[in-house]
Amino acid sequence: MWDPDTELQEHAERYAVSHDSRHPLTDAWPWAEAVVAWYRRRPQRLTSRAEVVLGEDDWALVVAGVAESLRLRMRAGEIGDIRVDLLADELLLWAQVGHEFPQPGERGWPAPDGPYADRWDALADVLIAGTERGRSVVRAVTTVLKELEVLARSRPYLQGAAYNTLMEYRFATQGCDTVTLAEVAPALGVSPVPVQDVAWYAGVAGLEESLAS
């Protein structure tokens, strides 16, 4: 039976078995760094949200927050298949500390191990403290990921006949279309891109050679 208080830990254990003992956060971290770097260098805002202005220490927390958002969504599948519309609000939902979700470090939201555990701890500390700093970090993570969602929805690497062909495949196989993180991987410069079904991304320019099943 599914138990929300063990889901993240069980996923981490399964993930480690098939990924050389790595924790999901370890593999999410390069993606988080790439997402934040993309946000900070992009030429213009894609949404009406105010530009995030933070000191470097807080930007480090934003990277940790994006990585944790990815780690939380990875429980549902491969990192490339994460739906960007669900990713954007993930940390915002979980950060309601003391309400519907557990605190970071508790059984239902276990701390990670691996090379970025100390940075996760720093993020957890500001979330648990419940100060304006923690709230500003969560807002920044949400803003960064909302911008990425708009980029993904524009489908910059899928045009013309390739779009029509891919939509036919998606609706034939799953009856729906979803916009995922893999579709903006070329903008982020991250490789390889783990996905479950390589055919789901056929025709996405700049992505095919970096896909990994």
Residue that is nearest to residue 71 (Cα to Cα) [pool: residues in the stretch 22-54 that are touching a Gly at 6+ places or on another chain (Cβ under 9 Å) and in a loop (DSSP other than H, G, I, E, B)]: 23
Give the residue that is nearest to residue 128 (Cα to Cα), with candidates limited to residues of the stretch 31-47 that are under 20 Å from the mean Cα position of the chain (by Cα), of a type outside the set (Asp, Glu) and open to solvent by 60 Å² or more (accessible area, probe 1.4 Å). 40
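Given the options 3, 85, name the one that is at pLDDT below 95, outside any helix (DSSP H, G or I) and in contact with an Asp or Glu (Cβ under 9 Å, 6 or more places away or on another chain).
3
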Just checking, how many residues over the stretch 48-85 are closer than 24 Å to residue 200 by Cβ, buried (at least 17 other Cβ atoms within 10 Å of the Cβ) and of a type outside the set (Gly, Ala, Ser)? 11
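The values are calculated or read from the model by the stated rules, or taken from the named source; none is laboratory data. The structure displayed is predicted, hence computed values, not measured ones. Reconstructed Cβ throughout: ideal geometry from the backbone, glycine too, with neighbour counts over all protein chains shown. Remember, those area values only see protein heavy atoms, side chains included, never the ligands or the DNA or RNA. Shrake-Rupley method; radii C 1.70, N 1.55, O 1.52, S 1.80 Å.
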